[in-house]
Amino acid sequence: MRKIVLFLIVLFSSIILYSCKTNPTVLNTTFTSEKTSSQTTVTTNPQEIKQKVEQYINNMTLEQKVGQMMMPEKNSVTLQEIRSYNIGTVLSGAGQNPVNTPYIVWADIYNNLQKNALLSETKIPLLYGIDAVHGNNAVYGATLFPHNIGLGAANDADLMYRIGEVTAEEMAKTGVNWNFSPTVAVVQNIQWGRTYESFGENPEIHTNLVEKYVQGLQQFDRVSTAKHFIGDGGTDLRDHTGGDWSIDQGNVSIPFSELSRIHLPGYIEAIESGVSSVMISYSSFYGIKMHQNKELITDLLKEELGFDGIVVSDYDAIKQIPNADYYHQLVLAVNAGIDVLMEPHTWKTAYNNIIQAVSNGDIPIERINDAVSRILTVKYKHNIFANPLVEKGTDKLSTEEHKAVAREAVRKSLVLLKNDNDLLPLEKNSNVLLLGPGANNLILQNGGWTVRWQGPHENDNIEGTSILSGFQNNVLNSGGNIYTNLSDASLASVAVVVLAETPYAEGQGDNGYLELEYGPNNEGSHTSHIDNIKALNEAKMTGLPIVVILLSGRPLLVTDYIDEWDGFIAAWLPGTEGGNGIADVIFGDYDFTGKLPITWPKDNTQFAHSVMMEDYNPLNYQYPYGYGLKYND
C-alpha cells in the first residue's frame, strides 16, 4: 500500500515549495565525544541514535560540522588535514585507487585514514567511498559479476541479494564502508555510454531487483547508494556541429508524470529497502541542474518520499551549476538539499565558502544541522562508530562460494537470440574453432569500471576465467579440441566467434553508431572493429556453422550479418567467471533463461526506442524487449 500511495503522490506535477528561515545560532565549542575505542558499544535503537546525534549537533562548532560534509579524494587530503578539519568522508575515485595490489593494502590505507579521523577534535570516524558497481571491482582478486545490463537480463531478485552480499563482504575485508552503487537509471537510449550500468529500459525490472540488491549491498555494515537521482537514463540527445556529440549528463525534458512513471520506481524501492545514500545526477530537468533542484531533492526525495539518509553530490558536479561562481554554486547545492559534497580536489575552498555562506546568512544553520544529522545517523546505523577499524585478513578476497554466485549470474544473464537448426547446445566432445577478440581477453570480458574508470589497462591484473579457458575446461576432458588458428579450420565442426566492444565508461562511451564496422574515432568508445570483422570473415571462409557471442554493454547493429550466423548469444559484460558461466550453458549443462532487458534495434533510427513508448510494436525490431530463446524453442 505504501508503494501505491508514494507513487500517486509523486504524480502531482505541482510540488509545494518550502523555505528555510535563517536563525542566529550560538555555536558551543565544547565537545564531548563518545569512547574512541574500536570496540564501542553498538547502537541500533533509532531513538538512542537520535539522542546521540542531537548531542553531537548541540556540541559541534560550525567548522566541525562543515568538515563532516566534505568528501576529498584520498590523494588530495593529508592525514593532518583529516584531523584538523574533522573530515567526515573520503573517496577513492576510479583510477586513483591502489590498483593491482592485494586487499590488505586497502585495509592498511583505510585503517590509517580512520585512525587519524579518530584523533580529530570530534573523534567521529570516516565514511570511505568507492564505486563497487559489479563486485568490488577496483580491488585486485575481487569477484566481478556481470554488469547491471546482464543482471537485468537475468532478472532474479534472490540472485541480486546474494551478489550484493558477496560485494559487501569483499568490501568489508578492505574496510571501505561506502559503496556508490546501485545505479537505478532506466536507460531509454542505448547511445548512452552508461547503458550497461542500467538494469534495462523498463522500470518493472528495477522494481523487481533494487530492493533485494540494496539489502544485500548493506550487509556487513556497508552503506549503499542509489544513483543518479533522477532521470539520467532519459536525457535528450545533443547533436552539435563540429563533432561535439553527447547524451551523457544532458537535459531531461519529459513531463513530470513520465519522469515519475519511468525513472522514480527504482528510488521508491531503494528507499523502502532502507538505502542509506542517494547520489544526485549530473543531468538537468527542464534546464535546471539536478544539483540545484530543491523541488526534486528536498521536496520530493526527502519530504514526500521520506528519504532520511545522506544525499551526496557526484564527482565535481556542483561546478556544473550554470551562471554562478563557486561560492554561489555551493550555496545553491547545499540549500537544494545536498548533504555531502564530493569536491575531491577543491574541498578546502568549499569548506571555507560554506562557513562564510552560513556567516553571511546565505545558508541556514538548520540546513547544515540537517546534513550533519543525516551523516552521523548513517554512521550509527552502519556501526561505523562501534567498529571503525578493520582487522586485516590473510585469506583470498574471492572464495569458491563467491565465484559460484558469479558463475550462476553469468549463466542466467545470457540471452540466446538465434539458434538455427538447433545447433546449440554443443557436444562436449566437439572440435571447436574459437576466434575473435573476446575469446581469451579478460579486459574485454569485464569492460569499464574494472580496475579503472574507463576499464583496465593492458598490464592490469585481473583474476578470472576467459571464454577460452571455460571451453577448454569442458571440451579437453571429453575427447574434443579447441582450435584458435584459422589454419586448423578443417579439423573443426563449428566456429565460435567472440566479438567485443572496447571498454568504456561515461562520457567516452557515448556512441552514435553502434555498428560492428566502425564507430566514433576516440579510443575507448568504439568496438574492436578491425579484429571483429577479421574474425567474422575468417569464420565465413571456413564454411563451418557460426555461433557469435557478443561481449558488449548494449545492443550493436547486427542486421547486415545476422543471416549468415547460425547462432547468436548476447553475453553482455559477464565478469571474472564469464568463461565458466558461458561454457556451462553453451555445452548444455544449463539452459538459457535470460531475456532482453532492452530493445535490440534494426537500424540507427531505433536507438532511442523502448518498450515504454505508447506505440511500441515488437515486430519492428531486430529483437524486442523481453525476447530470449531456450533450447528446442
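The values are calculated or read from the model by the stated rules, or taken from the named source; none is laboratory data. Given the structure is predicted, the values throughout are model-derived calculations rather than measurements. Cβ sites come from the backbone with ideal geometry, for glycine too, and all protein chains shown count toward neighbours.
Set side by side, the residues Ser198, Ser181, Ser224 differ, and just one is in contact with a Ser or Thr (Cβ under 7 Å, 6 or more places away or on another chain) and more than 23 Å from Leu126 (Cβ to Cβ), which is Ser198.
Pairs linking a residue in the range 51-71 that is outside the structural domain of Leu91 (by TED's automatic domain parsing) and at pLDDT 95 or above to a residue that is surrounded by 17 or more Cβ atoms within 10 Å (Cβ to Cβ) and basic (Lys, Arg), with Cβ atoms under 7 Å and 6 or more positions apart or on different chains, do not occur. The residue that is surrounded by the most Cβ atoms within 10 Å (Cβ to Cβ), among those in the range 465-480 that are among the small types (Gly, Ala, Ser) and not in a helix (DSSP H, G or I), is Ser466.
Considered as a group, the residues in the range 491-511 that are polar (S, T, N, Q) and either modelled with pLDDT under 95 or surrounded by 24 or more Cβ atoms within 10 Å (Cβ to Cβ) (or both) include one that is farthest from Glu564 (Cα to Cα), and that residue is Gln508.
Write out, first by first residue and then by second, each pair whose Cβ atoms fall under 7 Å of each other, whose residues are 6+ apart or on separate chains, and whose first residue, in the range 395-421, is closer than 30 Å to Val105 by Cα while the second is assigned to a helix (DSSP H, G or I) and of a type in the set (Ser, Thr, Tyr). Filtered contacts from the range 395-421: Leu397/Tyr103. Screening the candidates Gly200, Gly233 for the property of being under 23 Å from Trp600 (Cβ atoms) and part of a loop (DSSP other than H, G, I, E, B) yields one hit, Gly200. Is it the case that some residue within the range 148-160 is under 24 Å from Gln96 (Cβ atoms) and either charged (D, E, K, R) or surrounded by 24 or more Cβ atoms within 10 Å (Cβ to Cβ) (or both)? Checked against the condition, which is being under 24 Å from Gln96 (Cβ atoms) and either charged (D, E, K, R) or surrounded by 24 or more Cβ atoms within 10 Å (Cβ to Cβ) (or both), the range 148-160 yields at least one hit. Residue selection: Val334 fails the criterion of being among the β-branched types (Val, Ile, Thr), touching a Gly at 6+ places or on another chain (Cβ under 9 Å) and modelled with pLDDT of 95 or more. Scanning for something in a helix (DSSP H, G or I) and at pLDDT below 95, does the range 251-261 turn up at least one residue? No: the range 251-261 contains no residue that is in a helix (DSSP H, G or I) and at pLDDT below 95.
For the range 123-133, the criterion of a residue being farther than 21 Å from Arg411 by Cβ and modelled with pLDDT under 95 is satisfied by no position. Scanning the range 367-397 for residues that are outside any helix (DSSP H, G or I) and over 19 Å from Leu217 (Cβ atoms) yields Phe385, Ala386, Pro388, Leu389, Glu391, Lys392, Gly393, Thr394, Asp395, Lys396.
The set of residues in the range 414-451 that are touching a Gly at 6+ places or on another chain (Cβ under 9 Å), part of a helix (DSSP H, G or I) and not β-branched (Val, Ile, Thr) comprises Asp420, Leu442, Leu444, Gln445, Asn446.
Scanning the range 428-451 for residues being within 14 Å of Leu573 (Cα to Cα), surrounded by fewer than 24 Cβ atoms within 10 Å (Cβ to Cβ) and either polar (S, T, N, Q) or outside the structural domain of Asn474 (by TED's automatic domain parsing) (or both) gives a total of 2. Exactly one residue out of Thr143, Thr174 is in a loop (DSSP other than H, G, I, E, B) and more than 17 Å from the chain's Cα centre (by Cα), and it is Thr174. Remark: Val166 matches the filter, which requires a residue to be aliphatic (A, V, I, L, M), out of contact with any strand residue (DSSP E or B) (no Cβ under 7 Å at 6 or more places or on another chain) and not assigned by TED's automatic domain parsing to the domain that holds Ile462. Looking at Val611, Val548, which one is outside any loop (DSSP other than H, G, I, E, B), crowded, with 17+ Cβ neighbours inside 10 Å and not small (Gly, Ala, Ser)? Answer to the check: Val548. Residue check: Val90 meets all listed conditions (1) part of a helix (DSSP H, G or I); (2) closer than 18 Å to Val372 by Cα but one, namely (1). Evaluation of Glu400 against the conditions (1) surrounded by 16 or more Cβ atoms within 10 Å (Cβ to Cβ); (2) more than 22 Å from the chain's Cα centre (by Cα) shows that the sole unmet condition is (1). Which of the residues that make up the range 193-226 are under 12 Å from the mean Cα position of the chain (by Cα), closer than 19 Å to Ala153 by Cβ and small (Gly, Ala, Ser)? Matches in the range 193-226: Ser198 only.
For the range 106-126, filtered to residues that are surrounded by 17 or more Cβ atoms within 10 Å (Cβ to Cβ) and hydrophobic (A, V, I, L, M, F, W, C), the residue that is nearest to Glu463 (Cα to Cα) is Trp106.
If a residue has to be of a type in the set (Asp, Glu) and outside any loop (DSSP other than H, G, I, E, B) to count, how many in the range 335-366 make the cut? Summing the residues that are of a type in the set (Asp, Glu) and outside any loop (DSSP other than H, G, I, E, B) in the range 335-366 gives 1.
If you check Ala226 against the conditions, is it surrounded by fewer than 24 Cβ atoms within 10 Å (Cβ to Cβ), at negative phi and among the hydrophobic types (A, V, I, L, M, F, W, C)? No, not satisfied.
Among what's in the range 452-464 and is part of a loop (DSSP other than H, G, I, E, B) and of a type in the set (D, E, K, R), pick the residue that is surrounded by the fewest Cβ atoms within 10 Å (Cβ to Cβ). Among those residues, the one meeting the criterion is Glu458. When the residues of the range 320-334 are filtered to those that are surrounded by fewer than 16 Cβ atoms within 10 Å (Cβ to Cβ) and part of a helix (DSSP H, G or I), the one that is farthest from the chain's Cα centre (by Cα) is His328.
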